[in-house]
Every structure is written in structure tokens, then in C-alpha cells.
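Report on the structure given below.
The values are calculated or read from the model by the stated rules, or taken from the named source; none is laboratory data. Note that the structure is predicted; figures quoted are calculated from it, not measured. Cβ coordinates were reconstructed from backbone atoms using ideal geometry, including for glycine residues, and neighbour counts include every protein chain displayed. These accessible areas exclude ligands, DNA and RNA; they are computed on the full protein's heavy atoms, side chains included. Shrake-Rupley method; radii C 1.70, N 1.55, O 1.52, S 1.80 Å.
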Amino acid sequence: MNGFPFITILTLVPIFGAIVVAGLDSQKKSLARLLALGFSFVSLLLAIVLWRNFDAGSSALQFVERHEWIPSIGVQYFVGVDGLGFLMVLLSAIIVPFALLVSWKIDDKPHIYFALMLFLQAGLFGAFTALNFFHWFIFWEMGLVPAYFLIKLWGGPERVRAATQFFIYTLLGSVTMLIAFVAIFLVADTFDFIKLGEVGRNGGITALFATKPHWQAVSASTLGLIIFFGVFLGFAVKVPLIPFHTWLPNAYTEAPTGVSMVLTGVMSKMGVYGFIRILMPLFPDQMRSLLTPLLWLAVATIVFSAFAAFAQRDLKRMIAYSSINHLGYCLLGIFAALKLTGPGAQWPIEKAAALNGVLLQMFNHGLSASALFCFIGFIEQRGGVRGLNDFGGLRKVAPVFCGLMGISLFASLGLPGLNGFIGEFLIFKGAFPLASWATSLSVIGLLVTAVFLLTILQRVFSGPLEAKWAGFSDLNLTERLIVLPVVALIFVLGVYPQFILQFINPTVVKMVTQFAS
Amino acid sequence: MLAWTIYISFIGVAVLILLPAENKKAARAVALFSALAGLAVAFAGVFQYKLGSGIADITNTPWIPSLSIHYHLAADGISLTLVLLTGIAAVVGILFSWNIETRVKEFFAFYLALIGGVYGVFLSFDLFLLFVFYELAIIPKYFLIAIWGSTNREYGAMKLALYSFVGSAMVLVGLIAAYVLAGAHTFDLVELAKFSFPKAMQFWMFPFVFVGFAILAGLWPFHTWAPTGHVAAPTAASMLLAGVVMKLGAYGSLRVAMTLFPDGLAAWRGVIAALAVVGIVYGAMVALVQKDFKFVIGYSSVSHMGFVLLGLMTLTSIGLNGAVLQMFSHGIIAGLLFAVVGRMVYDRTHTRELSELQGMNLSKAIPFAAFTFVIGGLASMGLPGFSGFVAELQVLIGAWRAFPALAILAGIGIVVGVAYIIRTIQKSFFSGMQLSVAPTSHPLETISVPERIGAAILMATTLLIGLYPTLLMKLIQSGFDSPLMARLLKGGTP
């Protein structure tokens, strides 16, 4: 399979699909849906073929394609995946068809809606496979545009504000990141992520700034910090870290169900991915010098978002806040893994555990959070409302619904045996010896999450059944078939996480050895 | 051969004058044919040009021997890039003026005269000749606005003409001073550029000539003609004004002021770079609060031309390349945006007030216009994948090298740029608000074929250059590799 432009084709399939679907007659609604779903299945198939050909034992980049693009500013067409990139490609390939199926009932210009979804998928594939800043940035921004219009045109009552806020916040981060990368390019003379990682290991960006005589008005280390903050802001908004999160609850709540699923399931992972792929390798010194404040941010994200979710009365908003909470664990793991000092030499095992946990958590949260948004979408479709206190006793009339959604809720709160547990367990196991106080404080978040997720289960499904919900129908066959694959994955990965660990572990081990030097 | 771009345009003017006034179709056909022929010649010239061959002479014959003025046309990578832009803008502009019904032949005659003058400026290497073409472009511009314009057209036209003439006068003074000091034996740019003017003279002459040209490029605080002029002009004229005429200013600043007076440039570049950044941020902020759709685009032009001037002032190879690429890119993108505002929206709704457009639900009424504006808007805000991103990226890289603090400030301009585009997209097309009284009782006329073709050309160009900028960048780079630019690049190194 070497030499075959696998990843290029993977990225082009949804773009091509989007163009075809958008070009359809607006009256041919079913055809638009079917075609879009077909294209997303082709992508899924390609991702599976990629998986079959992926050498799990290797930590090297695979399926690499590299061509000159704009030589004068060091831009290459450079794509490839390692364990991390591949995991994210797989996640995007799974979540998008899932979201398309859930969006089946969209009836207002479905051809545009489905085309935008495919376009969004292309952006995701591109962002997880591109390894040159210029190339990557095209896709990073490309995802934003369809997401904006999907929220703005098909969203809930507050959609205009939510879409604008989402767009402006994310773009603000992108611009600071762009300007920072321009400065990085000036001293490092490359946009290549892999080469920039080597720069990070060989004395870091600060050493390079020190060689630039006419920037001496500011010291090299200060400059290094400014540049770090520029890039950091871009990713921190995307994940998001508190206090850069305020766009998220509005965007996730107002977006139509399918879009919320992709936003939380995959797009939020772009931020975490950026932390691992770009920030960690390139700014190890800056991040280490700021380790304590960064850990505080992670803890604040975990704890505050859990409490915020607890305080909500709108189911969708609760899950939105819980998303912030779950990604907070990822950042806790990442920050803890950066720690170099302390007894016990470099702690390679703990770091590997934490980072493996982070990657697992990214994948697992993608599955369970999008499943939860899907269930809430189903509830809203039936009841027209989605308040925490609007329902009660639905278990009696919709047992299957209750059972499947319950599984997702338990997966989300980290019940052993379901997928969420193993990721969080590994993060906590790895992070505790590295950053004990932060990890201990984060346990509060874990507890509050358990409380509010159980509250959902209790208020919606238990208690007396109100008369007006007596007609609340259970999941029909189609709906069951839609959620079945994801729920099955939740089980499989809970029992057999090795499934994923086997191909991410070599990548993680390589990262850890690189940081140790 | 490239000289034919100029001749074809003026032959077109002559043919149009001879046509009977009532034959509107023929007038349009002649105009389109001339513009297409000009574009074809421009393309042929680009393909013929050997990269790295410096300044390729086209013709060089004595014209007024007593003053040693030559009819010297030549081209290098920079002029070729802009000639190409002019060719594209000319064709597309005609497609978007297909619906002009009053005094059709005069309209296209003035239009082609303007195009001919612009080609002339980009191809002249004798400064006197360049100046003649530069003046030649001002007059048709005035009439296009004053006769076919809309809101406040007399005011807009007069203001534009006055600013242009003041700028020209400043340029002329500088040119004559340079001519005399260099021994009064040549107006040739290449010859004059070899002469080392005294530093004290350069210190005063550089800002004079530079600003004289840069007025037309929308240099803050001399930009005020731009928004009013753009708004008053008919669609095709505002497309040319923003797309090409502003480039005349930037081109003159680079080709004449910066090339002749490198020491003056070294003394003033910090100041001008700061003014450029003020323009970037100020233009964007003012665009953010406009109530008139066209004013938004007018001020956005000021903001984007700021990137051109900033790039020029970096004096780094990458920044200068970025500046020229930005000239091309902005020409395409501004043309696209003005086409949507002026032709697709205003000609149908007869209003440009954003508050009135809000109630018309235009994304449903004219979806193609909405789509075009979204693409143009995304390109304008510098989304990667479109030409504006590559250009502004290079300018930023250059600016980081030369003026790091200004690069960060320019970032603010980019963010505000995103905000005003989003605001405008929202208000103009996607507000989804239904007014109780429908402002137009009859349904809007659908987007015509010429409009679709024109929009498609511009969208394809910005996307093509955005994804594969090397196409143009080799050309531009070869322009900066020529010996003419060597002193400029060296003079800039601190």
C-alpha cells in the first residue's frame, strides 16, 4: 500500500461528496440524504482499510505523502498518520455517518445541510492528517465555516447569536495562533510539525529567538512565552479550557442534534489533538515553566464545568458542560505528563499511562457524548421539550430507550466495564504520582459528574409517569439500529480497550521517550 | 506583444465611438471582445516571459527627443502580475455591467479607456510615459462615476478626481526633481534607478512621491476618497476602482518612489508602516459600524490595501512578494464583493441599507448571490485556501521580521475583519427576519448568466491562487530578482 495516496483520497471523498450533494435539485431530498450517507460510508470503509493496513507495532508516521507546494515559504503537502492521527481519523469516520443518520429528518434544504456535514468531515480528516502548518491550518479553518452555517441555519431559537459567538471566539484563537506561527516560521524556517518538534527537543524556540538580534527589545524567554500564548489560545478556545469556554454551551445547545454530535464528538478533539501534536512538542519549556497555572486551569475546567452542568435545567446544556468536563481530564493528563522533575527519575510508565488514557478518553468521549446528544435529540423529537424536569417515569413506556441511554450515561460517568472508565482510570493512575494535588482536586469533578448524570437518569426515566407522556414511544427499529453500533462499541471498548491501546501505545511511548530527553 | 493590451483597449474605444448609439448589443459585444482580447494578450505575455529574465523590453523608441523622453514599454514579473489582474478585472467588470441601459457606448468607451490607461501604467518604464498613462486613467474614472454613479455621485467623483490630481501633482514635482538632479538626460526608470540621489534630497522627495502615489492606494489618512468614490461608482467602476486603480497607487509607490529613493525609504519606512497598520485596523473598525452595504466593502478595501503597504515597507523578500500577491488577491476579492453588492443586490433591491436588506430574506430570494458573497467574504477575511490568506501570511511573516509589534497590531485588524464580514453576511443575506410589509412586491429577478460567469471566474481565481500560489509567486519573485530591485532590498537592511 506504500505510495498509494490513501489519505488524500480519504480527504477528497467527502469534499467530492459535498459538491455532488450540494449540486442536487433541492426537491430530491431523499436522494441527497442517501448520497451523503453513501459518501460517509465510503469514508468509513476507507478508514477501515486504513486500519487493516496500519502497522500497529510501529510508532512511525504511516501512509506519508510529501510533495512541494509553496517552496518559498516552506510549505509542503505533507500528510501522514501515527497512532494519534489514525485514532482521530477513525473517530471522525464513525461519528459522521452516525450524525447523518440522526439528522435524517432535517427537511429544510437537506441537500445543503448534508453537503455541509460532509464538508465538515473533510475538514476534520484534513486537520488530523496534515503535518505542515499551512496545510493543516486550511483544514482547521475549513471545519469552522460549515459548522457556522449549520448552527446558524438549522439551529434552535438563539442560533444566530450562538453561531456568531462560536465563529468569532474560534477565529480569535486562530488569528493569535497564525501570528504566533508566523513568528515561529521566522526563526525556525519551517512550518513542518515534525521538524518543529525536533526544534522543541533541541533547546526549544527560546534558543532560536536568542539568535535574532533585532528583537532584543524583549528577552528571548519572554518572546517565547508570548508566542506560546498565541498558539495556546487557539487550542484552549477549541477544547475549551475554562475561562475560554463561554461559546461552547450556547453553540452545542443551539446546534441541531447531528451537528452537536459532530462538534462534541470530533471537533472538540481538534483542540486536544493540537495540544498533543503541536503545543507539547514545540513548547515543552514554556509549558513546564507554567505547569502549576496550567494544572490549575485543568482542575478549574474539570470542577467548574461539573458544577455548572449540575446547575443546568436543559438536558442539552448539561451534556454540553459535561463535555467540557470530560475534555478537562485529557488536559490534566497532558499537563501531568509534561512534568520532568521529582523523585523516581522520569516516571516513564506513569506518563505513558496518562497519555494513553488521554487518547482513549478522546475516542471514548467522542462515542458517548455523541450518543447522549443523539438520545436527547430523540427525546426532543418526541416531547418537543428537553428540560430536566419536564419528564418523569419514561422508563415505563420506553424501556429500551431508557436502557440504551442509561448505558451511555453510565459510560460517560466512567462505570467500569464501559468505555469511559478505562480512559479516566489511566489518566488518574498516571497523573496522580506526577501531579498529586491537581489529580486529587479533580476527583471532585468526577463525583459531581456522577451526581448530575444520575440525576438525569432519575428525573427523566424514574418516578411517576405523567399522564401526558403516556404516549411517549419507545425507540423504533430504525432508531435502535442507528444507535446500536455506537452502544456496541461502548461495550466492546469497555471490556477490551486493548483494541485501541495496541495501536496508540507505540506512539505514546515514543512521545514519552522524546520528552524525557 | 504585450503593448497590444493597451492598443486593443484604445482601438475598442475608437470602435465604440463610431458605433450608432442605439445599437446597445454591438457596444457590449465590442467591449467584451476588446477586454477578452486584452486578457488573451496578457496571458500570452505571461507565458512568453522567461522567469528570471528581469525586465523584458517590449518597445523603446525616442518620443520627445529634446527632453530625452522615450516611448519605453517593458514588463517584469510584477507588472505582468498586475497586467493579468487588469485583464481579468476588465472582462469580469463588463460581464457585471451587461445590464447598463443608459448611454451604453459611452459607458464602455470610458471603461475601455480606463483599462487602456491602467495597462499603460503597468507597462511603462519611462517615468514621463508612466505619468501620462496615470493621468489618462483619472479622467474616464471621473466620468464613469459622475454620469453612471448612484448615491452622491458628483461629490464622490469630484473628491476622487481632486485627490488623484493632488497626488499626481506631488508625483510630478518629485519626478521633475529626480530628472533634473540626475543630469536631465533621461526619464528612463532603469537609468534613473542607477543614479544615487543625495540623501537630503531623498529624505524630502521620497515621502512626496510615495504619498502622491499612495493616496490612490488608500494610505491612511489620505484614504477618504476611497469609500465615497467606491459607493458612488457604478458596479463595474467600483470593481475597477478597488480592483485595479488602487493597485496603480501601490504599484507607483513601489516602482517609482521606493526604487528611486531607497535612502529616503529607509528613513521613512517605520512611519509609513505604522500608517499602513493604522489603515488596516481603522478601515476594519469603521467597516464594522457601517449601515450601507457598499460602505462596508469600501472601508474593507482600505483595510486590505493597508496590508499591501505594510508588506512593501517590510523590505524583506517575503513581505514584498506578499504585498504584490495581495494586490492581485485583493483585486479579485474586492471585485467579487462589489459585484455582489452593486450588481446582484443593489440593482435588484434598489437599496443598500443593511437594515432594509435584513427584512428581505435575500438568501432565499437570490441564493446564488448569497453563496457568492459568502465565498467572497470568507476569502476577504483571510480564510486559508483563498488567495488573501497566502498573501497576508507572507506580509505578516515579513512584518514580523521588520516590525514585530506592528505584526501583532495587524492581527487585531484581521480579527475585526472577521467580525465585520460575519456581521454583514448576517445582516445582508441571512437575517431570516420577515418584515411585515414586503419592500418589493414583485419577486427579484434571478441572477443572470453573465453575472454567474463573472462570479465564477473570480471565485475560481481566488481559490486557485489560494491553493496553488506558486503559479504567481514565481512570477512575482522574478520581478524582485531583477537588478532594478537590488538597491531597494539592500537599502532596507538595517
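Across segment A:185-198, not a single residue is classified as at the interface with chain B (Cβ under 8 Å from one of its Cβ atoms), among the acidic types (Asp, Glu) and part of a helix (DSSP H, G or I).
On the basis of being outside any loop (DSSP other than H, G, I, E, B), within 30 Å of B:PHE368 (Cβ to Cβ) and out of contact with any helix residue (DSSP H, G or I) (no Cβ under 9 Å at 6 or more places or on another chain), does A:LEU34 make the cut? Yes; evaluated as a whole, the condition is true for this residue. Listed by first and then second residue, the pairs linking a residue in segment B:414-437 that is more than 8 Å from every other protein chain (Cβ to nearest Cβ) and over 20 Å from B:HIS330 (Cα atoms) to a residue that is at pLDDT below 85 and open to solvent by less than 30 Å² (accessible area, probe 1.4 Å), with Cβ atoms under 6 Å apart and 6 or more places separating them unless they lie on different chains, are B:LYS427/B:LEU354; B:SER428/B:LEU357; B:PHE429/B:LEU362; B:PHE429/B:SER363; B:MET433/B:GLY359; B:LEU435/B:GLY359. Among the residues of segment B:361-405, those that are open to solvent by 30 Å² or more (accessible area, probe 1.4 Å), over 28 Å from A:VAL218 (Cβ atoms) and either part of a loop (DSSP other than H, G, I, E, B) or touching a residue at least 12 places away in the same chain (Cβ under 8 Å) (or both) comprise B:ALA365, B:PHE368, B:ILE375. Scan segment A:254-266 and tell me whether some residue there is more than 24 Å from A:LEU150 (Cβ to Cβ), open to solvent by 10 Å² or more (accessible area, probe 1.4 Å) and part of a helix (DSSP H, G or I). So far as segment A:254-266 goes, no, none of its residues is more than 24 Å from A:LEU150 (Cβ to Cβ), open to solvent by 10 Å² or more (accessible area, probe 1.4 Å) and part of a helix (DSSP H, G or I).
Residues that are closer than 14 Å to A:LEU10 by Cα, away from every other protein chain (no Cβ under 14 Å), surrounded by fewer than 18 Cβ atoms within 10 Å (Cβ to Cβ) and modelled with pLDDT of 90 or more do not occur anywhere in segment A:75-91.
Of the residues A:GLN62, A:GLN121, the single one that is in contact with an Asp or Glu (Cβ under 9 Å, 6 or more places away or on another chain) and farther than 30 Å from B:GLY319 by Cβ is A:GLN62. For segment A:310-321, state whether one or more residues are without any contact (Cβ under 8 Å) to a residue 60 or more places away in the chain, open to solvent by less than 10 Å² (accessible area, probe 1.4 Å), assigned to a helix (DSSP H, G or I) and on the phi < 0 side of the Ramachandran plot. No, segment A:310-321 contains no residue that is without any contact (Cβ under 8 Å) to a residue 60 or more places away in the chain, open to solvent by less than 10 Å² (accessible area, probe 1.4 Å), assigned to a helix (DSSP H, G or I) and on the phi < 0 side of the Ramachandran plot. Counting only helices (runs of 4 or more DSSP H) wholly contained in segment B:120-196, no element carries 1 or more residues that are on the phi > 0 side of the Ramachandran plot, buried (at least 18 other Cβ atoms within 10 Å of the Cβ) and at pLDDT 85 or above.
Condition check ((1) over 29 Å from B:THR81 (Cβ atoms); (2) open to solvent by less than 50 Å² (accessible area, probe 1.4 Å)) across all residues:
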site	(1), (2)
B:ILE6	no, yes
B:ILE11	no, no
B:ALA21	yes, no
B:ALA37	no, yes
B:PHE43	no, no
B:GLY52	no, no
B:ASN60	no, no
B:SER66	yes, no
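Kindly provide the set of residues from segment A:45-74 that are outside any helix (DSSP H, G or I), in contact (Cβ under 8 Å) with a residue 24 or more places away in the chain and more than 14 Å from every other protein chain (Cβ to nearest Cβ), ordered by number. Of everything in segment A:45-74, those that are outside any helix (DSSP H, G or I), in contact (Cβ under 8 Å) with a residue 24 or more places away in the chain and more than 14 Å from every other protein chain (Cβ to nearest Cβ) turn out to be A:ASN53, A:PHE54, A:ALA56, A:GLY57, A:SER58, A:SER59, A:LEU61, A:GLN62, A:PHE63, A:GLU65. It is to be established whether one or more residues within segment B:302-310 are open to solvent by 10 Å² or more (accessible area, probe 1.4 Å) and touching a residue at least 40 places away in the same chain (Cβ under 8 Å). Yes: segment B:302-310 contains one or more residues that are open to solvent by 10 Å² or more (accessible area, probe 1.4 Å) and touching a residue at least 40 places away in the same chain (Cβ under 8 Å).
Within segment B:349-360, restricting attention to residues that are within 26 Å of the chain's Cα centre (by Cα) and surrounded by 18 or more Cβ atoms within 10 Å (Cβ to Cβ), the residue that is farthest from the other protein chains (Cβ to nearest Cβ) is B:ARG352.
Counting only residues that are touching a Lys or Arg at 6+ places or on another chain (Cβ under 7 Å), more than 9 Å from every other protein chain (Cβ to nearest Cβ) and open to solvent by 20 Å² or more (accessible area, probe 1.4 Å), segment A:160-184 holds 0 of them.
Could you tell me whether any residue of segment A:491-504 is open to solvent by 30 Å² or more (accessible area, probe 1.4 Å) and in contact with a Phe, Trp or Tyr (Cβ under 7 Å, 6 or more places away or on another chain)? Within segment A:491-504, one or more residues are open to solvent by 30 Å² or more (accessible area, probe 1.4 Å) and in contact with a Phe, Trp or Tyr (Cβ under 7 Å, 6 or more places away or on another chain).
Quick check: anything in segment A:280-296 of a type in the set (Ser, Thr, Tyr) and closer than 22 Å to A:ILE94 by Cα? Among the residues of segment A:280-296, not one is of a type in the set (Ser, Thr, Tyr) and closer than 22 Å to A:ILE94 by Cα, which makes the answer no. Of all residues being open to solvent by 10 Å² or more (accessible area, probe 1.4 Å) and within 9 Å of another protein chain (Cβ to nearest Cβ) in segment A:113-155, which is farthest from the chain's Cα centre (by Cα)? Just the residue, please. Per the stated criteria, the residue is A:LEU153. A:GLY123 falls short on exactly one of the conditions (1) outside any helix (DSSP H, G or I); (2) without any contact (Cβ under 8 Å) to a residue 24 or more places away in the chain, and that condition is (1). Only residues that are small (Gly, Ala, Ser) and more than 10 Å from chain A (Cβ to nearest Cβ) were counted across segment B:466-480, and they come to 2. Quick one: is B:THR86 within 25 Å of B:TRP225 (Cβ to Cβ), of a type in the set (Val, Ile, Thr) and surrounded by 19 or more Cβ atoms within 10 Å (Cβ to Cβ)? So B:THR86 passes the test. Among the residues making up segment B:466-494, those that are more than 22 Å from B:ALA379 (Cβ to Cβ), assigned to a loop (DSSP other than H, G, I, E, B) and either touching a Leu at 6+ places or on another chain (Cβ under 8 Å) or open to solvent by 70 Å² or more (accessible area, probe 1.4 Å) (or both) are B:THR493, B:PRO494.
A:THR449 fulfils the conditions (1) over 30 Å from A:ARG288 (Cα atoms); (2) surrounded by 14 or more Cβ atoms within 10 Å (Cβ to Cβ) except for a single criterion, (1).
The lone criterion from (1) assigned to a strand (DSSP E or B); (2) in contact with a helix residue (DSSP H, G or I) (Cβ under 8 Å, 6 or more places away or on another chain); (3) not hydroxyl-bearing (Ser, Thr, Tyr) left unmet by B:PRO62 is number (2). Quick check on segment B:445-465. Is at least one of its residues modelled with pLDDT under 90, surrounded by 18 or more Cβ atoms within 10 Å (Cβ to Cβ) and at the interface with another protein chain (Cβ under 9 Å from one of its Cβ atoms)? No: zero hits.
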